[in-house]
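Note sheet for the following structure.
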Amino acid sequence: MITESTIYNCGVIELNKIHNRSGNITTVEGNLNIPFNIERVYYLYDVPSGGERGGHAHRELHQLIVAASGCFDVVLDDGRNKKVVELNRPNYGLLVVPGIWRELINFSSGAICLVLASQKYSETDYIREYIEFSKFKKL
Ligand code: TYD
């Protein structure tokens, strides 16, 4: 059940790296390397120094968050426990399940946060108020 999702259902996975002298390629295929179909891709960039993103949860959306360039921290909160995950390599990604409040902080200069998402954009999937998140989690 979505409301039973916890930060322990979120984790960093190693992605492939096709390496040669002229550089690397990392590939992600929906339902193959990650446990959901990819319906949407977006990326955050030009985040100003000290800038914070996120500050919300999703009701149904699954995401893979990758530091395609630079680094940043993702603070995960399931309403009971929190953990901080540092992302700093383009061949690692953080799987975030539905029902997790997240904040993205400590962006390095030039960081690019690539997000692969299981659904198209829908504002009704967002929980943007923490009090509403607590109710959603039945806390
Ligand atoms: P939001 O998801 O709140 O940003 P973040 O989590 O990075 O802080 O989105 C910011 C704005 O961008 C909001 O007005 C919705 C819009 N947006 C879209 O229109 N489509 C999208 O796929 C995303 C991710 C955001």
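A few comments on the model shown:
- In summary, residue 60 fulfils each of the numbered conditions (1) part of a loop (DSSP other than H, G, I, E, B); (2) away from the ligand (no atom under 11 Å from the Cβ); (3) without any contact (Cβ under 8 Å) to a residue 60 or more places away in the chain with the single exception of condition (3).
- Hey, residue 90 part of a loop (DSSP other than H, G, I, E, B) and open to solvent by 30 Å² or more (accessible area, probe 1.4 Å) or not: yes
Residues checked against (1) of a type in the set (Gly, Ala, Ser); (2) more than 13 Å from the ligand (Cβ to nearest atom); (3) in a loop (DSSP other than H, G, I, E, B):
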position: 19; (1), (2), (3): no, yes, no
position: 24; (1), (2), (3): no, yes, no
position: 36; (1), (2), (3): no, yes, yes
position: 55; (1), (2), (3): yes, no, no
position: 75; (1), (2), (3): no, no, no
position: 94; (1), (2), (3): no, yes, no
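- For the stretch 9-28, the set of residues classified as free of Cβ contacts under 8 Å to residues at least 24 places away in the same chain and either in contact with a strand residue (DSSP E or B) (Cβ under 8 Å, 6 or more places away or on another chain) or surrounded by 11 or more Cβ atoms within 10 Å (Cβ to Cβ) (or both) consists of 18, 19, 25, 27, listed by residue number.
The values are calculated or read from the model by the stated rules, or taken from the named source; none is laboratory data. What you see is a predicted model; the values in this text were computed from it and never measured. Backbone-built Cβ (ideal geometry, glycine too); neighbour counts: all protein chains shown. Keep in mind that these areas ignore ligands, DNA and RNA; they rest on the heavy atoms of the full protein, side chains included. Shrake-Rupley method; radii C 1.70, N 1.55, O 1.52, S 1.80 Å.
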